[in-house]
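Structure first, commentary second.
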Amino acid sequence: MTFTTTLQNNAIKIMLLGSGELGKEVAIEAQRLGIEVVAVDKYENAPAHLVANRSYVIDMKDEASVLALIEKEKPSYILPEVEAISISALFKAEQKGFHVIPNAEAVNKTMNRKNIRVFAAEELELKTSNYEFVTTLDGLKEAGERIGFPCVIKPVMSSSGHGQSIAKTPSDIEKSWEIAKEARGDASELIVEEFVPFDYEITLLTVRNETGTVFCDAIGHVQKDGDFILSWQPMNMSDAALSKAKEIAKAVTDGLGGRGIFGVEFFVKDEEVYFSELSPRPHDTGMVTLITQSQSQFALHVRAVLGLPLDYTTYGSGACGAYKAKNESHNPVLEVPDSAFTKNSFVRVFGKPESHVGRRMAVSLVLDDVETAKQRASDIVAQITDS
């Protein structure tokens, strides 16, 4: 690998389309290798803007705006970091010779739950829960009756659990319809999924490039309203279930192709493993790797993008707790106890310019045996306040 000098004509340059807390860590890892970083988002002073060489605020769902910025900056690699992006702009950029990570078609399939579910279940014939797609309230009611209750209802395009709900009975359907309108992305179509009475759910971080495919230790997590509040690594699971998850993850990521890290989500019931979702980028539950691995998921993503070897060392087990704001503020202030910073724990504050109730603002990270780490990460979060 030949490395270049930042801000020179021959600089290797990445463009982040989406500059939240995950993009911020990717930017930091890229900067450590002398990679020039251009961070793009829909609002000013997004977390990755704070550490990038240049930042822009545009409507990322507008094809012309995205293409104009790509033509202006001419990045070596384009890294989509959120769902709400003009897919047509990515295809056109790729046609012009720009390198989209992992590739435009993979982004197209994974940014939309309909596309990835059809690809996984119908093309690759992977095991998933039963599902239907609907576009109307009446259609939602009918699908709920066919799928059965409880059922999970999600917009086909959203993130961090926005717009997601569980309808326990037919009387919950109209409420779920209203909740779906809160999606970050496209709420014009919904997926109705059979509720799998799973024992636990995992994220299997799967990293691939021309050097091969590498799996991080499985990550267990607890979600509330579709968004994680606690994750830990490794998840205690049987060798048989883990082997199935790796087999499925490799099949779907090989099918998508390209370079980068993929957050592949599964439900596990006994020894049965059900494919759930996939993100073609670092995963929020994977922030635990900031303390458990010598190369975090963000460092591995950058290595994969550059075509570098994907080896890393596991430091040990650990946990990550998400702190969500309790107040609305245009100048948020977080009070974090000094006791959160020890030889085996610390906090990462994202630096978001505004807070609103439920917005993720920071994470606690603890390196210890899993149960101790989970409790400690939760305790730290409980002691944080915001104003």
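The values are calculated or read from the model by the stated rules, or taken from the named source; none is laboratory data. Predicted model, so just to flag it, every value in this text is computed and none were measured. Positions of Cβ are generated from backbone atoms using ideal geometry, with glycine treated the same way; all protein chains shown enter the neighbour counts.
Here are some notes:
Listed here are the residues, each with its yes/no results for (1) at pLDDT below 95; (2) charged (D, E, K, R); (3) in the same structural domain as Glu174 (by TED's automatic domain parsing); (4) buried (at least 18 other Cβ atoms within 10 Å of the Cβ).
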site	(1), (2), (3), (4)
Gln95	no, no, no, no
Asn112	yes, no, no, yes
Val118	yes, no, no, no
Glu123	yes, yes, no, no
Leu137	yes, no, yes, no
Ala143	no, no, yes, yes
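- Members of region 350-371 that are more than 18 Å from the chain's Cα centre (by Cα) and in contact (Cβ under 8 Å) with a residue 12 or more places away in the chain: Gly351, Pro353, Glu354, Ser355, His356, Val357, Val366, Leu367, Asp368, Asp369, Val370
- Members of region 297-321 that are surrounded by fewer than 24 Cβ atoms within 10 Å (Cβ to Cβ), farther than 19 Å from Tyr77 by Cα and in contact with a Leu (Cβ under 9 Å, 6 or more places away or on another chain): Tyr312, Tyr315, Gly316, Ser317
- The single condition among (1) within 25 Å of Leu300 (Cβ to Cβ); (2) touching a Phe, Trp or Tyr at 6+ places or on another chain (Cβ under 7 Å) that Ala52 does not meet is (2).
- If you go through region 312-355 and keep only what is farther than 23 Å from Val51 by Cα and either modelled with pLDDT under 95 or of a type in the set (Val, Ile, Thr) (or both), you end up with Thr313, Thr314, Thr342.
- Residue among Lys168, Lys154, Lys127 that is surrounded by fewer than 17 Cβ atoms within 10 Å (Cβ to Cβ) and within 21 Å of Val268 (Cβ to Cβ): Lys127
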